[in-house]
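The values are calculated or read from the model by the stated rules, or taken from the named source; none is laboratory data. The model shown is predicted, which means the values in this text are computed figures rather than measured ones. A quick note on method: Cβ atoms are made from the backbone with ideal geometry, for glycine too, and the neighbour counts reach across all protein chains shown. Heavy atoms of the whole protein, side chains included, go into the accessibility calculation; ligands, DNA and RNA do not. Shrake-Rupley method; radii C 1.70, N 1.55, O 1.52, S 1.80 Å.
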Amino acid sequence: MKKGRIVVLDEVNGKSAAALLVNGQLHDLLIEADNDAPKPEAIYRARAGRPMKGQNGLILDLGRGQKGFLKNAKGIPQGTDLTVQVVTHAEIGKAAPVVAKLIFKSRYCIVTPDAPGLNVARSIKDDDERERLLEIVHDTIDGRNADYGLIIRSSAWDIDGDAIADDIAAMYDLADDVMGQASGDPSLIMPAPSAEMRAWRDWVNPDPDEVVNDQGSFEDMGVWDHIERLKRPRVSLSDGASMMIEPTSALVAVDVNTGSDFSLGAGLKANLAVAKELPKQLALRGLGGQIVIDFAPSPKKDRRVIENALNGAFRRGGIDTIVVGWTPLGNFELQRKRERIPLTELLDD
């Protein structure tokens, strides 16, 4: 088993796919959907259709028979042309959720048209490094569109200044190109990034990562073995504990079991293990929406500890998740952004 971070690039059903292995364990998995449905980050030239009464939103024509749904769209007349970006995958039969505020994300920066301002990732706390990055930014965007905002991502830490400058310039050029296509009939302006593009953008570090990009690399690197385990509902945890993750049409149910450990602290131990592992399992399986957890029995005084552990784990997980809280029956509810398509659907394409 190879140690360290390994990025594995391959194809699934003829579409781009990427896996991130950390010390031999599957840490993240991206598989591009084999369909033409609107995908997150894609940008469309759209036209306002009918308002959705009671939902404070509009149905938009995205072209080629595809529909988007824009929330908080009060006052936009029917027939208005808009440029919008897809934020999440749509549920089957529903319009794709979109927003009118666009972002252009690359490895080191995020450009935000019509949202001016300059920010450096809060995780970069070193004053000298922040000053260095700001100097690079000011030199690069001098004379560029002043209506654009810019966020320097944490991945820019200690990166060569020319690489950062090139990255910023490329994103400004892309934003200029897309914003210049605002007029015309509804159509796709900028496609969503492929799984391989997202892997290079979000996973790959300059030095520690090894990238495997050979035909059949998923098989050679054992990724398919990990995928086979993800098809099963049962997830093994430490000390014989486990959880069952079972999606239904209404919600995702998670059931926690302590196994053969019947000691006084077994429930809390299992529940904390679930809090740590669940964000990764949901991401790997492509599950979102309403999540209901039936935790293992533990004293009510432990609830705050479990809730804090969940909050911390989901914040680190990177996918927007609202930690709702405990139900009267003692279950725990979450609401999670549908950022990915369920793995079972991707494998069935």
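Among residues of segment 107-123 being touching a helix residue (DSSP H, G or I) at 6+ places or on another chain (Cβ under 6 Å) and more than 27 Å from PHE69 (Cβ to Cβ), the one that is surrounded by the fewest Cβ atoms within 10 Å (Cβ to Cβ) is SER123. Return yes or no: is VAL178 of a type in the set (A, V, I, L, M) and either in contact with a Pro (Cβ under 6 Å, 6 or more places away or on another chain) or farther than 30 Å from VAL84 by Cα (or both)? Here the answer is no, as VAL178 does not meet what is asked. Determine, yes or no, whether ALA37 is open to solvent by less than 40 Å² (accessible area, probe 1.4 Å) and assigned to a loop (DSSP other than H, G, I, E, B). For ALA37, the condition - open to solvent by less than 40 Å² (accessible area, probe 1.4 Å) and assigned to a loop (DSSP other than H, G, I, E, B) - is not met. Considering only segment 165-180, I want to know if a residue exists there that is of a type outside the set (Phe, Trp, Tyr), over 30 Å from LEU58 (Cβ atoms), touching a residue at least 60 places away in the same chain (Cβ under 8 Å) and touching a helix residue (DSSP H, G or I) at 6+ places or on another chain (Cβ under 6 Å). The answer is yes; a qualifying residue exists. Looking only at segment 64-73, count how many residues are open to solvent by 20 Å² or more (accessible area, probe 1.4 Å), over 23 Å from ASN35 (Cβ atoms) and either among the hydrophobic types (A, V, I, L, M, F, W, C) or out of contact with any Pro (no Cβ under 8 Å at 6 or more places or on another chain) (or both). Residues in segment 64-73 being open to solvent by 20 Å² or more (accessible area, probe 1.4 Å), over 23 Å from ASN35 (Cβ atoms) and either among the hydrophobic types (A, V, I, L, M, F, W, C) or out of contact with any Pro (no Cβ under 8 Å at 6 or more places or on another chain) (or both): 1 in total. Condition (residue is within 23 Å of THR344 (Cα to Cα), among the hydrophobic types (A, V, I, L, M, F, W, C) and modelled with pLDDT of 95 or more) applied to segment 61-75: is it met by at least one residue? No: segment 61-75 contains no residue that is within 23 Å of THR344 (Cα to Cα), among the hydrophobic types (A, V, I, L, M, F, W, C) and modelled with pLDDT of 95 or more.
Scanning segment 11-29 for residues that are in contact with an Asp or Glu (Cβ under 8 Å, 6 or more places away or on another chain), under 23 Å from LYS105 (Cα atoms) and not small (Gly, Ala, Ser) returns LYS15, LEU20. Scanning segment 1-34 for residues that are more than 17 Å from VAL211 (Cβ to Cβ) and in a loop (DSSP other than H, G, I, E, B) gives MET1, ASN13, GLY14, GLU32, ALA33, ASP34.
Residues that are open to solvent by 10 Å² or more (accessible area, probe 1.4 Å) and within 17 Å of ARG316 (Cα to Cα) within segment 261-278 comprise LEU272, ALA273, LYS276, GLU277, listed in sequence order.
Being over 12 Å from ALA165 (Cβ atoms), open to solvent by 80 Å² or more (accessible area, probe 1.4 Å) and either among the acidic types (Asp, Glu) or touching a Ser or Thr at 6+ places or on another chain (Cβ under 8 Å) (or both) is the filter here; which residues of segment 129-154 pass it? Answer for segment 129-154, where residues must be over 12 Å from ALA165 (Cβ atoms), open to solvent by 80 Å² or more (accessible area, probe 1.4 Å) and either among the acidic types (Asp, Glu) or touching a Ser or Thr at 6+ places or on another chain (Cβ under 8 Å) (or both): GLU131, ASP147. When the residues of segment 83-98 are filtered to those that are open to solvent by 30 Å² or more (accessible area, probe 1.4 Å) and touching a strand residue (DSSP E or B) at 6+ places or on another chain (Cβ under 6 Å), the one that is farthest from LYS53 (Cα to Cα) is VAL87. Taken over segment 234-260, the criterion of being over 29 Å from GLU91 (Cα atoms) and open to solvent by 40 Å² or more (accessible area, probe 1.4 Å) is satisfied by SER236, SER238, ASP239, GLY240, ASN257, SER260. The strands (runs of 3 or more DSSP E) found entirely in segment 42-161 that carry 3 or more residues being β-branched (Val, Ile, Thr) are 81-86, 109-113.
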